[in-house]
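One structure below.
Read-outs: derived from the displayed coordinates by stated rules, not from any lab. Please read all numbers here as calculations on a predicted model, not as lab measurements. Positions of Cβ are generated from backbone atoms using ideal geometry, with glycine treated the same way; all protein chains shown enter the neighbour counts.
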Amino acid sequence: MFKRAINQELMRNNNKAQILRCVKAKQVVSKRELAEELGLSTTTVSTFIRELEQENLIQNSGTARSTGGRRSLLYQLNPDYCYTLGLDLQVDRIVGVILDFKGDIRAEKEIPFREQDEWKVVPLLKSFITDLLTEHEIPWPKLGGIGIGVPGVLSNEAESIDFAPNLGWKNVDLPAMLALDKPVYLENEANAGALGEVVFGLGQNVAHLAYISVGMGIGCGLIIDHKLFAGHLRNAGEFGHMTVEPEGFPCRCGNKGCWEVYASNSAALRMYTERTNNDRITFLEFLHRCHENDPHATEVLQTVTTYLGLGIASVINGLNPEMVIIGGEITNVKSLIFNSLLREIKERTLEKSFAGVRLEFSQLGNKAAALGMGTIVLEKIVNALP
Ligand SMILES: [Zn+2]
């Protein structure tokens, strides 16, 4: 008897959770559609819809004409139930977005920083969070959680940062240092970027996606069968450290000749400095010079494009993705590199894999990872309900 009562309670919660998730997935939906989709009676659906409305989780969103000319009420998630904050901690800037409960973008903000010392960056991150909420008049209690994309390797439970070579961080317990009374989730920035592309960008409905995040290093977020692939120790996608020059320059990971030492933004700047002795130029200035046909910059961009292409070719040969999306500031010179990059990739990939892949440049600016993090937090909140 007792066991049966527990089972009934479980089933009840399960039905309610299913309805909530279905409203989220469909964005706008009628009771009848919910009943058909979930195989529930309309009475059951009506009961739970009423409860979800009372809990402020969903709301009415107009009517639609259904068969027989009758109008049926439509439902959606209540966008103001709570908000999530998605942050991308890059090596020289913080990018943040606020998503509402429906997953729409409510606000975005970006600030640069110079000193990468964790004791300097963390307070900055903390004031960035409070400023962003204040500027958009979102009260602290309405914040459901914070997600932070980081350029590095996380602990097995993704609770802290083990190693972020391009920030110079080792064993940094970021959530503890932030000391906020909100859940803080971490994810590798390339993984977050891949999710951002799937939800907001070019990767929608793509089952097998490789998102190549080109920054001061190179990260790769992999979506396999519509799911983020993390690997045995959450360390998958570190293609930036595959060797492309056996006797090449040393890498911050301890190896030498890694892909990111030849194809990242820092690689371009190193090569440019070798040719011009100019070591003060930023990557954006370098890209600007490429657009102005500066001969040194153009030559360096060609070399970097060759390395970028040969690495992407290996990713394609190994994973047979449906789409490869390149993210990062390098997207600013898409028109200058697209053809040579595609040629490089074609020459080095298996014919069948090349024919089946689409090469794209991210259209999310530098927001892919922040959007992905906001989405991760939203998923966690919805999965913990009702
Ligand atoms: Zn390396």
Degrees between helix 334-348 axis and first principal axis of the chain (Cα, 0 to 90, nearest 10): 80 degrees
Note down the relative contact order for the chain as a percent, whole number, built from C-alpha pairs under 8 angstrom at least six residues apart. 16 percent
Normalised by the number of residues in the stretch 11-123, what is the relative contact order in percent for Cα pairs under 8 Å and 6+ residues apart? 18 percent
In whole Hz, the Karplus estimates of ³J(HN,Hα) for the stretch 219-232 (6.51, -1.76, 1.60; θ = phi - 60°; x where Gly or Pro) are x, 9, x, 10, 9, 10, 6, 6, 10, 5, 9, 9, x, 4
Quick one: Karplus J couplings for the stretch 260-273, per residue in order, coefficients 6.51, -1.76, 1.60, θ = phi - 60°, nearest Hz, x for Gly and Pro? 5, 6, 10, 10, 8, 4, 5, 5, 4, 5, 4, 5, 5, 5
Helix 42-54 versus the longest principal axis of the chain: what is the Cα-based angle in degrees, 0 to 90, to the nearest 10? 70 degrees
Roughly what % antiparallel, to the nearest 5, for the DSSP beta bridges in the chain? 65 percent
Explain nothing, just compute: Karplus ³J(HN,Hα) = 6.51 cos²θ - 1.76 cosθ + 1.60, θ = phi - 60°, for every residue of the stretch 35-40 in order, whole Hz, x for Gly and Pro. 4, 5, 4, 9, x, 10
Which residues qualify? For TRP169, with a placed amide H closer than 5 Å and at least 5 residues away or on another chain, they are ALA164
Mind listing the long-range amide H neighbours of GLY257? Cut-off is under 5 Å, sequence gap 5 or more, other chains count too, H placed in the peptide plane at 1.01 Å from N. GLY248, PHE249, CYS251
How far is helix 2-26 tilted off the main Cα axis of the chain, in degrees rounded to 10, range 0 to 90? 60 degrees
Structure shown: which of LYS102/LYS126; LYS227/LYS380; LYS16/LYS182 lie over 19 Å apart, alpha-carbon to alpha-carbon? LYS102/LYS126; LYS16/LYS182
A correct fewest-to-most ranking of MET373, MET177 by other Cβ atoms within 10 Å would be MET177, MET373
Length-normalised contact order of the stretch 218-263 in % [C-alpha pairs under 8 Å, at least 6 apart]: 31 percent
Using the number of other C-beta atoms within 10 angstrom as an exposure proxy, rank ILE98, ILE381 with the fewest first. ILE381, ILE98
Where does each of TYR211, TYR307 land when they are ranked from fewest to most other beta-carbon atoms within 10 angstrom? TYR307, TYR211
